[in-house]
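Below is one structure, written out as structure tokens; comments come after it.
The values are calculated or read from the model by the stated rules, or taken from the named source; none is laboratory data. These numbers were taken from a predicted model, which means no experiment stands behind them. All Cβ positions, even for glycine, are placed from backbone atoms using ideal geometry, and neighbour counts span all protein chains on display. With ligands, DNA and RNA removed, areas are computed over all heavy atoms of the protein, side chains included. Shrake-Rupley method; radii C 1.70, N 1.55, O 1.52, S 1.80 Å.
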Amino acid sequence: MIRQLVRSYVLLVAVAIALFTVPVAFTLTDQLRGDTQASVLREADAMALLLGDGRAASCQALEEMAKAYDDEIQVTTTPSCAADLPRLTRDAALTRALQDGRPTTDWGSSFIWGPELVITVPARAAGTDRVVGAVRILYSTDEMTGRLWQIWGFRAVLAVLVLGVAAVLGVVAARRLTRPLRQLNDMASKFSDGDLTARSPVTGPPETQTLARTLNQGAERLDTLIAAQRIFVADASHQLRTPLTALRLSLDNIADGVDDEFVREDVEQATAEVVRMSRLVNGLLVLARAEAKVTAAEPLPLMDIVRERLAVWRPAADERGVTIALRGSTDGRPSALSSPGHLDQMLDNVLSNALEVSPDGGTITVRLDPGGDVVGVSVLDEGPGMSDAEKSRAFDRFWRGQGLTGKAGSGLGLAVVKQLATDDGGTVSLTDAPGGGLCVTITLRAAHRG
């Protein structure tokens, strides 16, 4: 938009310069042409009077004038005055001067002028209208051409300077005019990234001020509603944890005191559902806390956190014969920008999903990709993987993939991972693992050491 405004402004200035400067330049050019023609014609008329007088003194004066203007003016006459003066050749201009008694002017070109201005003036005998000869002046137009270049060149340079100044002023004015729009765009960008506290300054013209107030009020209302929803989810999840824990303990006690195999099976099934519900409540609580964004990202040792979480999950993997392998560069001890506890929760959720879908005896590969402005952690499993349609829904809350059918998943794991990664300025992507399975890649900003 700034470029369009600047182009329009410069074009408007260029049109104004053309409307005011070009006519002036043409007027000055016509004036230069007219003044030069009048000056040369006066000289020719004076010489014609001397030639028509025919006396020795007049002829001598004519000769002296011819010599005086020898550098710029060439004088030719009929042979009636003196033999030393150049002779006119017979042509249409001379014929017109001698027969019709009218002067002729020839600029030598239909476009402005040629290399010479040729003026032929009839000479009349003193005291009569009888034409006795003619005077022709050949005036070089080199000096006129130089002045013409000065007239047009000066205005061309001035126009370029004015356009340059206009472009600079146009940029300043355009940026000033579009500043409220850029502020609104910045607010919209932050809002789309999940920052519901973003607000736009109420500045600029009345129209943009009204728009900014409306957007700020809408953002305030939405922030209030979402904050209330988060508080409700967090409070409900927290309040449900205690009765669920008590219910699980009661079911465990019932299972210990029941000998009937069918009753025990029903109790174990109820206990499994309570466990799944507890995981769901815990996931909701984690997600609500993640959306609150109460902490700022700080440099954390990536390798140390990855090794710590792998050590926690290896016993559960060993029970099923699943191998957890760490791959990738481990040099340089890279650091990632993340809020304390976020990376731990992300790895726990991804590793939990990978372990649930991995076949017995399979391998989970954790790969590090440090370097540049970002660092990546990829978790590859050998499970059934996901189709493109499933990948597009994998980060939806409460959605459970085909690989988790019949398992105790809550459907919140990847949603929590995405929320935590977004809060830390990172991303999460799902791709197909080589040889089958799913590859979950968490990318975070690298923390550069000073």
Q: List every residue pair whose Cβ atoms sit under 8 Å apart, with the two residues 6 or more apart in sequence or on different chains, where the first one lies in the range 43-61 and is under 14 Å from Ile137 (Cα atoms) and the second, anywhere, is aromatic (Phe, Trp, Tyr) and open to solvent by 10 Å² or more (accessible area, probe 1.4 Å).
A: Glu43/Tyr69
Q: For residues that are in contact with a Leu (Cβ under 7 Å, 6 or more places away or on another chain) and of a type in the set (Val, Ile, Thr), tally how many sit in the range 2-35.
A: 3
Q) What is the residue count in the range 346-390 for residues that are among the β-branched types (Val, Ile, Thr) and either at positive phi or more than 38 Å from the chain's Cα centre (by Cα) (or both)? A) 5
Q. Just checking, how many residues over the range 105-138 are among the small types (Gly, Ala, Ser) and open to solvent by less than 40 Å² (accessible area, probe 1.4 Å)?
A. 5
**Q.** Residue under evaluation Arg199, criteria (1) touching a helix residue (DSSP H, G or I) at 6+ places or on another chain (Cβ under 6 Å); (2) farther than 23 Å from Ala227 by Cβ, criterion not met
**A.** (2)
Q.
If a residue must be under 16 Å from Thr208 (Cα atoms) and either over 17 Å from the mean Cα position of the chain (by Cα) or surrounded by fewer than 16 Cβ atoms within 10 Å (Cβ to Cβ) (or both), how many such residues does the range 182-192 contain?
A. 5
Q | Flag if Val135 is within 26 Å of Leu62 (Cα to Cα), in contact (Cβ under 8 Å) with a residue 40 or more places away in the chain and in contact with a helix residue (DSSP H, G or I) (Cβ under 8 Å, 6 or more places away or on another chain) | A | yes
Q) Which residues, counting only those in the range 138-155, are in contact (Cβ under 8 Å) with a residue 12 or more places away in the chain and among the charged types (D, E, K, R)? A) Asp142, Arg147, Arg155
Q. Of all residues in the range 93-142, which are small (Gly, Ala, Ser) and part of a loop (DSSP other than H, G, I, E, B)?
A. Gly101, Gly108, Ser109, Ser110, Gly114, Ala125, Ala126, Gly127
**Q.** Matching residues, the range 1-37, being over 30 Å from Val171 (Cα atoms) and open to solvent by 50 Å² or more (accessible area, probe 1.4 Å)
**A.** Phe26, Thr27, Leu28, Asp30, Gln31, Arg33, Asp35, Gln37
Q | Unique match (being out of contact with any strand residue (DSSP E or B) (no Cβ under 6 Å at 6 or more places or on another chain) and either modelled with pLDDT of 90 or more or polar (S, T, N, Q) (or both)) among Ser339, Ser429, Ser378 | A | Ser339
Q | Which listed residue, of Ile364, Ile324, is more than 17 Å from Asp432 (Cα to Cα), crowded, with 21+ Cβ neighbours inside 10 Å and free of Cβ contacts under 8 Å to residues at least 60 places away in the same chain | A | Ile324
Q: Output yes when any residue across the range 159-167 is modelled with pLDDT of 85 or more, over 26 Å from the mean Cα position of the chain (by Cα), assigned to a helix (DSSP H, G or I) and under 30 Å from Leu117 (Cα atoms), and no when none is.
A: no
Q. Filtering the range 139-158 down to residues that are over 16 Å from Thr21 (Cα atoms) and surrounded by fewer than 16 Cβ atoms within 10 Å (Cβ to Cβ), which residue is modelled with the lowest pLDDT?
A. Ser140
Q: Check Val40 against each of (1) assigned to a helix (DSSP H, G or I); (2) open to solvent by less than 90 Å² (accessible area, probe 1.4 Å); (3) at pLDDT below 80; (4) over 30 Å from Arg182 (Cα atoms) and name the one condition it does not meet.
A: (3)
Q | Residue selected from the range 373-397 under the condition open to solvent by less than 50 Å² (accessible area, probe 1.4 Å), among the small types (Gly, Ala, Ser) and out of contact with any helix residue (DSSP H, G or I) (no Cβ under 9 Å at 6 or more places or on another chain), by the criterion nearest to Arg327 (Cα to Cα) | A | Ser378
Q.
Given (1) out of contact with any Phe, Trp or Tyr (no Cβ under 7 Å at 6 or more places or on another chain); (2) farther than 30 Å from Thr29 by Cα; (3) assigned to a helix (DSSP H, G or I); (4) touching a residue at least 12 places away in the same chain (Cβ under 8 Å), identify the lone condition not met by Gly170.
A. (1)
